1. In degrees, nearest 10, range 0 to 90: what is the angle between the Cα axis of helix 80-111 and the longest Cα principal axis of the chain?
2. Relative to the longest principal Cα axis of the chain, at what angle does helix 62-73 sit, 0 to 90 degrees, rounded to 10?
3. For the chain, what is the calculated [θ] at 222 nm in deg cm²/dmol (nearest 500), taking -39500 (n - 2.57) for each run of four or more DSSP H residues and dividing by its residue count?
4. Considering only protein heavy atoms, what per residue accessible area in square angstrom results for the chain with a 1.4 angstrom probe?
5. Please provide three numbers in whole Å: the alpha-carbon extents of the chain along the principal axes, with the largest listed first.
6. Starting from 0.36 nm per residue, how many nanometres of slack lie between L53 and V93 once their C-alpha separation is accounted for?
7. Could you work out the relative contact order of the chain, using alpha carbon pairs under 8 angstrom and six or more residues apart, expressed as a whole percent?
8. Given a 1.4 Å probe and every protein chain left where it sits, what share in percent of the accessible area of the chain is carbon and sulfur?
Amino acid sequence: MTIKIGELAKRTGATVETIRYYEKEHLLPEPSRNAGNYRLYNEEHIERLQFILHCRTLDMALDEVRILLEFWEEPDKDCGDVSSLLDKQIYAVEIRMEELMHLKQHLTVLRQKCASSAPAVSCGILKALADNSCHE
């Protein structure tokens, strides 16, 4: 069974541009071509693209995806490095969550500077953004 790039995009939810980009980055193997020079993809492409897309939904960088693909392609390898990679990803998420909580607190304080509807000239939020007092 072979399909063209549009059908691969439809089946996986990826865009055609994303598929071409992953090919260019050598994350997807080069597809065969038909007589009309259209790319032809098989089940391996579908599975691999779904794997890549799932990794990306977990916010993994392409270099991390490459590492995971290497392990996926060599199932006899020890998966300790895979666990370490995930531990690093979890730690990065924890750091980002802390940063987002600080951002939320900052925005909440900023929001309190303008409690009601008023002319923009007297808006406490705009004043605090302009004079940088929102960082105090």
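1. With both axes taken from Cα atoms, the answer is about 30 degrees.
2. 40
3. On the way: 6 runs with 84 residues, N = 136.
Result for the chain: -20000 deg cm²/dmol, rounded to the nearest 500.
4. Numbers: 9640 Å² over 136 residues.
It amounts to 71 Å² per residue over the chain.
5. 68, 42, 20
6. 12.6 nm
7. Working: 77 pairs, mean separation 20.4, N = 136.
Reported as a whole number, the value is 15 percent.
8. Details: 5260 of 9640 Å².
Result for the chain: 55 percent of the exposed heavy-atom area is carbon or sulfur.
The values are calculated or read from the model by the stated rules, or taken from the named source; none is laboratory data. This is a predicted model, so every value here is computed, not measured. Quick reminder, even Gly has a Cβ in these numbers, built from the backbone with ideal geometry, and neighbours come from all protein chains shown. For the accessible areas, the whole protein counts, side chains as well, though only heavy atoms, and no ligand, DNA or RNA atoms are used. Shrake-Rupley method; radii C 1.70, N 1.55, O 1.52, S 1.80 Å.
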